[in-house]
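Data first, discussion second: the structure below is written as structure tokens.
The values are calculated or read from the model by the stated rules, or taken from the named source; none is laboratory data. Note that the coordinates shown come from a computational prediction; the quantities given were computed from them, not determined experimentally. Ideal geometry is used to build each Cβ from the backbone, glycine not excepted, and the neighbour counts take in all protein chains shown. We work out accessible area using only protein heavy atoms, side chains counted, and drop any ligands, DNA or RNA first. Shrake-Rupley method; radii C 1.70, N 1.55, O 1.52, S 1.80 Å.
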Amino acid sequence: MIPIPQGLNDAEIGIWEGCMKQAGQKIILAADGMTKKQILDIAGRLKDFIWGIKLNDALDEYGKAIVAELTASGINVWADVKLSDISKTNENRAKVYAGAGAKIITIMAAVGLEALWNTREAVAKIPSCECASCECELAGVTVLTSLDPPGCETIYGGSPKAIVLKFATILKAAGIRLMVCSGEELEYLNKYPA
């Protein structure tokens, strides 16, 4: 995922377009701290070169409307809301974004197996919307990258590697295929797959 630099002018956006054409792979752009106009402008310019846009604080500001607007324009949306509540609240919130067309919605793995399972099931039952394809998946967030080892020990009772592995096992049991973790844990997860 690549964060979108704020305040790009047309020439700078042109440079981004050239880089993405050369890369030959579609990426996810993180639109943190951007206005709706900035998000829609850059998404429209780069939509042929990106998988989609990850929205976080823009969802707080513009709600499901920005998800619907982007998906109506053919742009995939990752709703990075990090659901972290009781099962029913997570289900209700996830259904809002899935119904608007989000392709990925984040949920904290720490909510537990039952809430993860129930939220995944609720999202799977969303009827097709008007966008091309509304199949939405949850992505389980393991340990926040801002949490250092002592903090992880204090909150979760283990090292980041141990807790990420534990959460990966829970996510797998809940039927959640996508997982968000630090790149530092990837080698460990490959060595000890959940």
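Here are a few things to note about the model shown:
- Looking across region 149-159, just one residue is within 22 Å of Asp80 (Cβ to Cβ) and open to solvent by 80 Å² or more (accessible area, probe 1.4 Å), and that is Ile155.
- Once region 151-194 is narrowed to residues that are more than 23 Å from Ala115 (Cα to Cα) and of a type in the set (Phe, Trp, Tyr), the residue that is farthest from the chain's Cα centre (by Cα) is Tyr192.
- All of Ala162, Ala174 fail the test of being open to solvent by less than 80 Å² (accessible area, probe 1.4 Å) and either within 14 Å of Val111 (Cα to Cα) or touching a residue at least 60 places away in the same chain (Cβ under 8 Å) (or both), apart from Ala174.
- When region 97-125 is limited to residues that are more than 18 Å from the chain's Cα centre (by Cα) and not in a helix (DSSP H, G or I), the one that is modelled with the lowest pLDDT turns out to be Lys125.
- Failed criterion for Ile66 (all others in (1) under 19 Å from the mean Cα position of the chain (by Cα); (2) modelled with pLDDT under 95 hold): (2)
- Test: residue in region 81-96 that is on the phi < 0 side of the Ramachandran plot, crowded, with 24+ Cβ neighbours inside 10 Å, in contact with a strand residue (DSSP E or B) (Cβ under 8 Å, 6 or more places away or on another chain) and in a helix (DSSP H, G or I): yes
- When restricted to residues that are buried (at least 18 other Cβ atoms within 10 Å of the Cβ) and part of a helix (DSSP H, G or I), region 24-46 contains 5.
- Exactly one residue out of Ala168, Ala100 is buried (at least 20 other Cβ atoms within 10 Å of the Cβ) and more than 30 Å from Ala65 (Cα to Cα): that is Ala168.
- Scanning region 82-106 for residues that are in contact with a helix residue (DSSP H, G or I) (Cβ under 6 Å, 6 or more places away or on another chain) and hydrophobic (A, V, I, L, M, F, W, C) yields Leu83, Ala94, Val96, Ala98, Ala100, Ala102, Ile105.
- Residue within region 92-108 that is over 19 Å from Lys54 (Cβ atoms) and among the β-branched types (Val, Ile, Thr) present: no
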